[in-house]
Each structure stands twice: as structure tokens, then as C-alpha cells.
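Participant: Handing you this structure, nothing more for now.
The values are calculated or read from the model by the stated rules, or taken from the named source; none is laboratory data. What you see is a predicted model, and the numbers here were worked out from it, not measured in a lab. Methodologically, a virtual Cβ is constructed for each residue, glycine included, from the backbone with ideal geometry; neighbour enumeration extends over all protein chains shown. When the accessible area is computed, the model is the full protein with side chains, heavy atoms only, and any ligands, DNA or RNA have been set aside. Shrake-Rupley method; radii C 1.70, N 1.55, O 1.52, S 1.80 Å.
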Amino acid sequence: MGQTLTEKILDDHLVEGELEPGEEIGIEVDQVLTQDTTGTLVWLQFEALELDDVQTEVAAQYCDHQTYQFDFKNTDDHRFLRSAAGKFGAHFSRPGNGICHNVHKENFAAPGKTMLGSDSHTPTPGGMGELAIGAGGLDVAVAMGGGAYYIDMPEVVNVRLEGELPEWATAKDVILELLRRLSVKGGVGKIFEYTGPGVESLSVPERTTITNMGTELGATSSIFPTDERTEEYLEAVGRGEDYEEVAPDEDAEYHDEIVVDLSDLEPLIAEPSMPDNVVPVSEVAGTDVDQVMIGSCTNGAYEDILPAAKMLEGREINKTTEMIVAPGSKQASEMLAREGWTAEMMAAGVNFSEATCGACIGNGHVPASDSVSLRTFNRNFEGRSGIEDDSVYLCSPEVATAAALKGEIVDPRELADEMGDLEDPGFELGDNYVGVSNSDLIAPDEAVDDELIKGPNIGDVPLKDPLPADLSGDVLLKMPDNITTDHISPANADVLMYRSNIPKLSEFTLTRVDDTFPERALEADGGLLLAGENYGQGSSREHAALCPMYLGIDAVLAQSFARIHKANLFNFGIVPLTIDEDTYEDIDQGDSVEIVDDVAEAVRSGAEEITIRVDDDWEATANLDASEREREILADGGKLTHVKQQYESGD
Ligand code: F3S
């Protein structure tokens with residue numbers, strides 16, 4: 001039987017296990033990526049592990065989430081990151097140089113390679129045939145030190161693309177269509193592999209829009225085969241020599257198949273406040289729009305902004321609507337500027353932001369209260385824009401620009417008919433990547449630091465004691481389904497500036513659910529969390545496990561967990577237990593929960609069923625789905641202690 005592309009790449013990198021769905025495998029990692037909000041911890045953990053040098057082919061540290069230097073804290077973090085990259089041998093991308101996924105795509109991503117990144121949209125370069133997976137920072141630190149990355153072998157799903165996109169439909173509509181069909185949970189435990197005749201009609205930036213937003217499906221990764229479109233892109237960015245043909249075998253067998261006929265697609269839009277609330281644009285046409293934003297790692301490439309620029313050429317945006325363009329990389333900004341498109345858009349009424357995540361995580365351009373914002377981003381979780389009662393829609397740059405022109409949501413096909421002279425700008429690959437010299441990217445051999453520079457806001461990484469025999473405590477918070485890492489550890493600017501100061505950052509833990517939680521947790525000095533389905537969805541942010549750990553949380557009972565967050569719970573010594581819906585319903589906040597067995601022994605011995613006793617009154621069964629390695633990590637009190645012990649014992 002032939003292999004899928006995913007299996008081929010994993011096979012080439014396999015160091016442990018077998019490629020059977022659900023089985024734990026260990027793989028060798030070629031490239032790592034980290035960004036500023038997760039990167040400080042990555043390097044503090046790399047230091048705590050007493051590692052000397054980066055061992056991967058490429059390691060790159062980006063500064064994109066918190067580029068605004070409001071006070072000394074972000075600036076100190078940037079300086080620390082530059083010093084860590086210099087000391088340990090990573091590339092350093094300066095603040096303002098762009099979003100990690102965009103800059104990595106332009107400079108490093110290569111077919112057939114494996115990549116691990118401490119950001120949930122790490123799978124973006126799957127559009128170039130690289131198998132890229134998002135992980136917690138500690139996993140990235142270990143991989144950077146030459147250690148294997150462990151993951152349960154996902155199911156590989158064939159997404160067969162047929163036909164070609166009709167006018168005004170875009171790559172964004174492909175992924176919105178998948179979200180409409182499958183929901184934000186539809187990709188959990190899966191890798192989506194795109195095949196079929198429709199693939200060749202999509203360029204690399206279009207493919208990476210799809211692989212980027214595969215994260216919103218909950219997928220482990222998404223990947224395209226390579227072809228002349230990939231070669232064309234690599235040549236355009238000056239890296240033609242990195243091209244390699246990678247493809248599945250013709251007789252590859254997939255776990256499942258989904259067919260998308262591109263020619264059936266129309267402009268789609270995700271309504272507030274989940275990326276899978278997808279409807280045709282025509283269904284919400286007429287909704288007044290106060291703000292339009294083009295950018296982010298999903299649609300921030302030069303090729304994403306160019307269609308907007310063409311639609312705006314010689315026109316003005318509606319007086320009631322504000323339009324902001326935030327290119328995904330400085331390279332994209334530079335190309336637009338050199339070709340005159342920046343001036344064209346400015347004349348139309350557009351404001352430009354520096355190349356940064358910015359508004360995607362509520363840093364700047366916060367919408368007005370009770371207003372509508374249309375964004376080309378990948379997520380619209382409630383409150384993520386920086387205001388609780390936000391109303392954020394997700395769409396393509398074409399739909400966003402049409403709304404900016406009209407002042408309301410409009411199907412661009414309708415607007416084209418109405419205006420008479422508005423044409424689908426189409427999608428063309430830039431052939432003028434002027435920024436390739438990249439003065440903002442500092443290679444390891446150009447490093448300007450060889451010692452770590454830590455400011456006063458940069459602390460040590462807290463450690464947890466080994467798992468005790470007795471584990472009991474009160475349920476300190478009962479939460480519904482789909483609690484995101486943004487709920488657990490908010491990502492807005494006034495919180496994220498404490499990302500290297502865990503005691504301070506912990507004061508914000510779960511405050512978006514209950515603002516008394518951090519204080520109550522510290523007072524309780526131990527306790528549990530209770531959640532519904534898909535707990536911890538969203539980002540790879542390990543602070544969402546580290547801060548609860550710091551506050552004394554010992555276990556989380558949930559109906560299901562998001563993949564990366566569950567791995568982070570193991571890594572920080574918090575026991576993730578799965579319960580059924582009835583048990584969830586029957587437990588109330590404030591109930592006491594006791595794990596009946598010797599928990600350390602149960603974890604080490606491989607027990608899958610754990611009996612819990614609630615309020616000293618009734619019992620239920622919880623499940624611990626963990627590999628042998630994860631159990632050892634948990635019992636040792638987390639991965640940092642576990643890996644250190646391994647290094648000390650010479651394993
Ligand atoms: Fe940044 Fe938003 Fe992407 S935070 S990495 S632009 S999802």
C-alpha cells in the first residue's frame with residue numbers, strides 16, 4: 001500500500017513508534033519557530049535545561065505579537081530574545097519585521113521538512129509541502145536541543161479539490177467552506193492533506209491561507225503536495241534551490257475523504273464569534289460596517305493585499321467605514337510601497353499599520369463598542385479584538401474591501417454589478433520580492449549578543465513538585481464548552497507584557513470567565529477546574545497551563561481537550577482527566593473532588609480509568625488518556641523536571 005505525503009515525511013523523520021493512528025510517535029525536527037509571547041519561556045526553559053546550542057537546521061525567533069513598545073517590558077523581552085538567539089544560535093527577526101508565519105514562509109519553509117513552532121498557526125508552510133506542527137514552548141525548547149517531538153499519530157484525511165475558483169471566490173472561501181462543513185472541532189486528531197486537480201490552480205500564498213486556517217478546524221496540521229507553483233514561489237523569494245517535489249503515492253490510503261469542488265464556491269463570511277459560523281456573504285449583506293482590517297498571518301501576504309489595492313485604485317472608501325491594512329511582513333510592506341500601491345491605498349483612505357499581529361490579538365485598532373468589524377484574520381473569538389461585546393466577521397480581502405467601499409457587508413459580485421467598473425482583481429504571485437535581503441533578520445553568524453540580557457520583568461520558570469499520592473480539592477471553576485486559551489490566559493497587550501513574569505501574569509488567569517478566580521485559587525492552595533468540550537482550544541500558549549499550575553491547580557476535568565493544550569497540561573504537571581457529559585452536569589462549582597486511588601501510582605502504572613469521589617457522596621469514572629512518556633512526565637511534576645532528570649541520568 002502506498003503512503004500519504006504526511007506518512008512519507010513522518011517516515012523520513014521517525015525515531016520512535018509506528019505510523020498507526022493513535023499510536024505515539026517520536027519524530028526528528030528540522031526547523032523550529034518561536035514568537036515573542038511564547039519565545040521568552042522557550043529560551044528560559046532552554047536555559048533551565050542547561051542546553052548549549054540550537055541543534056536543528058533552522059531555529060528562528062520572531063517578534064510579532066507584541067511589537068509595540070508601550071513601556072520597557074516588551075522592549076526588554078525583545079532584547080532578551082535577541083540575546084538568546086545570539087547566544088544559542090537562532091535567527092532573530094526584529095520587531096516590526098513581520099508575523100512569524102509570513103516571514104518563515106518567505107525565508108525558511110521548505111518541502112519535505114518537519115517544523116515545530118510555539119504558535120498554533122505553525123502549520124502555515126504546509127502550503128509549501130513542509131509538515132509543520134504547533135506545540136508548547138517546552139516541546140519546542142527540547143526539539144531545539146536535538147530532542148524528538150512526540151505526538152499521537154493523527155488520522156490523515158484527503159481533501160480532494162476539484163474544479164477552479166469562480167470569480168470573486170478565493171482561497172479564504174475554501175477554508176471557510178471546510179469550517180462550515182466540519183466545525184471548529186472537525187479536525188481534531190487529523191492532518192488534512194490536499195490533493196486533486198484543483199490543487200494546481202492555487203498558488204503558494206493561496207495554499208498557505210488554507211493551511212494556516214486549518215488550525216481553526218482543530219487540525220494537527222494541513223499540507224499540500226509541491227509542484228511548479230511551489231517552485232515558482234520559491235524562485236520568487238530567491239530560494240529556488242530549496243524546491244523538492246513531494247507528493248503522496250498514487251495508491252495512498254486515507255482515513256477519510258472530503259471533496260470540495262472549487263467551482264461551486266461563492267464568497268463566504270464567518271459571523272461573530274466563532275470561525276465556523278459560516279454563511280454566504282449574501283445572507284448578511286446590508287449589515288453596516290464600521291471597521292475593515294486586512295492582514296494577519298492568514299491574509300497578510302503581498303498577494304492578499306494586492307487585490308484590495310486594485311479594488312481601491314482611483315476610488316475612496318465609504319466615509320462611515322475605517323479601513324486598516326496591516327501587512328504580514330515588512331517584505332510585503334516594502335513591495336507594496338515600491339510598486340506604488342501603498343500610496344494608492346492611502347489616497348483611497350486606508351491607514352497602514354506596521355507588520356505585526358497587532359489587532360488580531362486586541363493590540364490596537366480595537367473596534368468601537370456596539371460596532372461591526374470585518375477582518376481577513378483567522379479567529380473571531382468573543383473579546384479577542386480587545387472589547388468584550390465585539391462583533392467581528394471573518395472574510396477574504398475582496399469581501400472586506402467591497403464592504404469598505406460600500407460601508408456595509410456586500411457580496412462583491414453584487415457590488416461589481418452595481419458599480420459597473422469593478423472587476424475581480426484576481427490573484428497573482430508577486431515577482432518582485434525586493435525585501436529578500438532582509439535587513440531585519442539577523443542570522444546566527446551575524447549575532448550581536450553572546451550573553452543573555454534579562455530585564456527586571458523577566459523571571460524564572462516555576463517548577464511543580466512530583467505528583468503526590470493523594471489528590472483532592474474543590475472545583476474552583478465550572479466552565480462551558482469551547483473555553484479558549486484566550487479565556488485562560490488573555491492575550492491583550494496589558495496582560496501579555498507580563499509573559500516572562502509568571503506570578504504577575506497569573507493574576508489574569510481565567511478572569512474573563514470569573515474575575516475572582518486567581519485570588520480564590522491562591523487562597524485555596526490547590527484545586528481542580530471543570531470544563532465542557534474542547535477545553536483549551538485556540539493557541540499553543542503554554543502560559544494557559546503554566547499560570548493555572550502556578551495558582552495551584554492540580555487537575556482539569558473536561559469532556560474533551562484541545563490537543564496542544566492537553567500536551568501543555570502534561571508538560572506542567574496538571575492531570576487532564578476526561579469525563580462524560582452526565583458527570584460534567586452532576587458536578588457543581590465548589591464541590592469537592594477526591595481521586596480515590598493513589599494518583600501517582602495510578603498514573604505511573606498506566607491506569608486509564610481513575611475513580612473520583614465527589615462531595616464525599618458519589619463516585620464517577622474519569623479517563624486518563626496518556627502515553628507512557630506522558631505519564632512519566634506527569635508523575636515527575638512536569639516536563640522540565642522530567643527532561644532534566646533524564647539529562648542528569650544520561651538517558
Ligand atoms: Fe499573529 Fe493572529 Fe496569526 S496573533 S500569528 S496574526 S493568528
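Participant: So, of the residues in segment 439-450 that are assigned to a loop (DSSP other than H, G, I, E, B) and acidic (Asp, Glu), which turns out to be most open to solvent (accessible area, probe 1.4 Å)? Steps first, answer last, please.
Facilitator: Here is the first cut: in segment 439-450, the residues assigned to a loop (DSSP other than H, G, I, E, B) are 439-440, 443, 447-450.
If we keep only those that are acidic (Asp, Glu) too, we end up with 440, 449-450.
Details: Asp440: 16, Asp449: 19, Asp450: 110 Å².
My answer is Asp450.
Participant: Name the residue, out of Leu551, Leu471, that is touching a residue at least 60 places away in the same chain (Cβ under 8 Å), over 17 Å from the mean Cα position of the chain (by Cα) and closer than 23 Å to Gly638 by Cβ. Spell out how you get there, then give the answer.
Facilitator: Working: Leu551 fails: touching a residue at least 60 places away in the same chain (Cβ under 8 Å).
One residue alone meets the criteria, Leu471.
Participant: Continuing with the same structure: Go through (1) at pLDDT below 95; (2) more than 15 Å from the ligand (Cβ to nearest atom); (3) surrounded by fewer than 24 Cβ atoms within 10 Å (Cβ to Cβ) and name the single condition Asp370 misses.
Facilitator: (1)
Participant: For the subset of segment 124-137 comprising residues that are assigned to a loop (DSSP other than H, G, I, E, B) and modelled with pLDDT of 95 or more, which member is surrounded by the fewest Cβ atoms within 10 Å (Cβ to Cβ)?
Facilitator: Pass one, segment 124-137, residues assigned to a loop (DSSP other than H, G, I, E, B): 129-130, 135-136.
Add one more test, that the residue is modelled with pLDDT of 95 or more, and what stays is 129-130.
Working: Gly129: 26, Glu130: 30.
Looking at residues that are assigned to a loop (DSSP other than H, G, I, E, B) and modelled with pLDDT of 95 or more, I get Gly129.
Participant: Follow-up question, since we're still on this one. Can you work out which of the residues in segment 620-648 that are outside any helix (DSSP H, G or I) and of a type in the set (S, T, N, Q) is surrounded by the most Cβ atoms within 10 Å (Cβ to Cβ)? If you could, list the steps in order and put the result at the bottom.
Facilitator: Within segment 620-648, the subset outside any helix (DSSP H, G or I) is 620-627, 637-638.
Next, from what is left, pick out any that are of a type in the set (S, T, N, Q): 621, 623, 627.
Numbers: Thr621: 14, Asn623: 14, Ser627: 17.
Among them, the one singled out is Ser627.
Participant: Can I ask one more? Can you tell me which residue among Asp597, Asp582, Asp588, Asp617 is under 23 Å from Glu523 (Cβ atoms) and either of a type in the set (Val, Ile, Thr) or open to solvent by 10 Å² or more (accessible area, probe 1.4 Å) (or both)? So that I can check it myself, show each step before the final result.
Facilitator: Working: Asp597 fails: under 23 Å from Glu523 (Cβ atoms); Asp582 fails: under 23 Å from Glu523 (Cβ atoms); Asp617 fails: under 23 Å from Glu523 (Cβ atoms).
Going through Asp597, Asp582, Asp588, Asp617 in turn, the sole match is Asp588.
Residue-by-condition table, conditions (1) at pLDDT 95 or above; (2) assigned to a loop (DSSP other than H, G, I, E, B); (3) crowded, with 21+ Cβ neighbours inside 10 Å; (4) within 16 Å of the ligand (Cβ to nearest atom):
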position	(1), (2), (3), (4)
Val32	yes, no, yes, yes
Trp43	yes, no, yes, no
Glu47	no, no, no, no
Asp52	no, yes, no, no
Thr75	no, no, no, no
Arg79	yes, no, no, no
Phe92	yes, no, yes, no
His104	yes, no, yes, yes
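Participant: Another question, if that's okay. If you check Glu231 against the conditions, is it touching a helix residue (DSSP H, G or I) at 6+ places or on another chain (Cβ under 9 Å), of a type outside the set (Gly, Ala, Ser), part of a loop (DSSP other than H, G, I, E, B) and open to solvent by 50 Å² or more (accessible area, probe 1.4 Å)?
Facilitator: Numbers: touching a helix residue (DSSP H, G or I) at 6+ places or on another chain (Cβ under 9 Å): yes; of a type outside the set (Gly, Ala, Ser): yes; part of a loop (DSSP other than H, G, I, E, B): no; open to solvent by 50 Å² or more (accessible area, probe 1.4 Å): yes.
Against the criterion (touching a helix residue (DSSP H, G or I) at 6+ places or on another chain (Cβ under 9 Å), of a type outside the set (Gly, Ala, Ser), part of a loop (DSSP other than H, G, I, E, B) and open to solvent by 50 Å² or more (accessible area, probe 1.4 Å)), Glu231 does not qualify.
Participant: Still on this structure, please answer the following. Select from segment 387-412 the residues that are open to solvent by less than 10 Å² (accessible area, probe 1.4 Å), hydroxyl-bearing (Ser, Thr, Tyr) and either in a loop (DSSP other than H, G, I, E, B) or without any contact (Cβ under 8 Å) to a residue 60 or more places away in the chain (or both) and list them in ascending order.
Facilitator: If the condition is that a residue be open to solvent by less than 10 Å² (accessible area, probe 1.4 Å), hydroxyl-bearing (Ser, Thr, Tyr) and either in a loop (DSSP other than H, G, I, E, B) or without any contact (Cβ under 8 Å) to a residue 60 or more places away in the chain (or both), then Ser396 is the only one that fits.
Participant: Please give the number of the condition Pro576 fails out of (1) surrounded by fewer than 23 Cβ atoms within 10 Å (Cβ to Cβ); (2) at pLDDT 95 or above.
Facilitator: Tallying (1) surrounded by fewer than 23 Cβ atoms within 10 Å (Cβ to Cβ); (2) at pLDDT 95 or above, Pro576 fails exactly one: (1).
Participant: Would you say Asp431 is surrounded by fewer than 22 Cβ atoms within 10 Å (Cβ to Cβ) and outside any helix (DSSP H, G or I)?
Facilitator: Numbers: surrounded by fewer than 22 Cβ atoms within 10 Å (Cβ to Cβ): yes; outside any helix (DSSP H, G or I): yes.
Yes; evaluated as a whole, the condition is true for this residue.
Quick grid of which residues meet (1) more than 16 Å from the ligand (Cβ to nearest atom); (2) part of a helix (DSSP H, G or I); (3) modelled with pLDDT of 95 or more:
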{"position": "Glu316", "(1), (2), (3)": "yes, no, yes"}
{"position": "Lys319", "(1), (2), (3)": "yes, no, yes"}
{"position": "Ile324", "(1), (2), (3)": "no, no, yes"}
{"position": "Gln331", "(1), (2), (3)": "no, yes, no"}
{"position": "Leu336", "(1), (2), (3)": "yes, yes, no"}
{"position": "Glu344", "(1), (2), (3)": "yes, yes, yes"}
{"position": "Ala347", "(1), (2), (3)": "yes, yes, yes"}
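Participant: Taking the stated definitions as given, is His121 in a loop (DSSP other than H, G, I, E, B) and not assigned by TED's automatic domain parsing to the domain that holds Met335? Explain how you work it out, then say what you get.
Facilitator: Numbers: in a loop (DSSP other than H, G, I, E, B): yes; not assigned by TED's automatic domain parsing to the domain that holds Met335: yes.
Yes.
Participant: Could you run through segment 349-360 and say how many residues are open to solvent by less than 10 Å² (accessible area, probe 1.4 Å) and part of a helix (DSSP H, G or I)? First the steps, then the outcome.
Facilitator: So in segment 349-360, the residues open to solvent by less than 10 Å² (accessible area, probe 1.4 Å) come out as 350, 355-356, 358-359.
With part of a helix (DSSP H, G or I) added as a condition, the list becomes 358-359.
Here the count works out to 2.
Participant: Within segment 138-191, work out how many residues are in contact with a Leu (Cβ under 9 Å, 6 or more places away or on another chain), among the acidic types (Asp, Glu) and in a strand (DSSP E or B).
Facilitator: Going through segment 138-191 one residue at a time, the tally reaches 1.
Participant: Which of the following residues is within 16 Å of the ligand (Cβ to nearest atom), hydrophobic (A, V, I, L, M, F, W, C) and either assigned to a loop (DSSP other than H, G, I, E, B) or touching a helix residue (DSSP H, G or I) at 6+ places or on another chain (Cβ under 9 Å) (or both): Ala491, Ala469, Ala545?
Facilitator: Every option except Ala491 fails the conditions.
Participant: Something else: Only one residue in Ile458, Ile453, Ile483 is surrounded by fewer than 19 Cβ atoms within 10 Å (Cβ to Cβ), out of contact with any His (no Cβ under 9 Å at 6 or more places or on another chain) and on the phi < 0 side of the Ramachandran plot, so which one is that?
Facilitator: Being surrounded by fewer than 19 Cβ atoms within 10 Å (Cβ to Cβ), out of contact with any His (no Cβ under 9 Å at 6 or more places or on another chain) and on the phi < 0 side of the Ramachandran plot holds for just one of Ile458, Ile453, Ile483, which is Ile453.
Participant: So which residues in segment 374-386 are closer than 23 Å to Lys310 by Cβ and either in a strand (DSSP E or B) or open to solvent by 10 Å² or more (accessible area, probe 1.4 Å) (or both)?
Facilitator: Leu374, Arg375 - these are the residues of segment 374-386 that are closer than 23 Å to Lys310 by Cβ and either in a strand (DSSP E or B) or open to solvent by 10 Å² or more (accessible area, probe 1.4 Å) (or both).
Participant: If you check every pair at least six apart or on different chains, which have Cβ atoms under 7 Å apart with a residue in segment 1-20 that is closer than 14 Å to Ile151 by Cα and touching a residue at least 12 places away in the same chain (Cβ under 8 Å) first and a residue that is small (Gly, Ala, Ser) and outside any helix (DSSP H, G or I) second?
Facilitator: Listed by first residue and then by second, the contacts come to Val15/Gly26; Val15/Ala148; Glu16/Gly26; Glu16/Ala148; Gly17/Gly26.
Participant: For Gln61, work out the one condition from (1) of a type outside the set (Phe, Trp, Tyr); (2) crowded, with 20+ Cβ neighbours inside 10 Å; (3) part of a helix (DSSP H, G or I) it doesn't fulfil.
Facilitator: (3)
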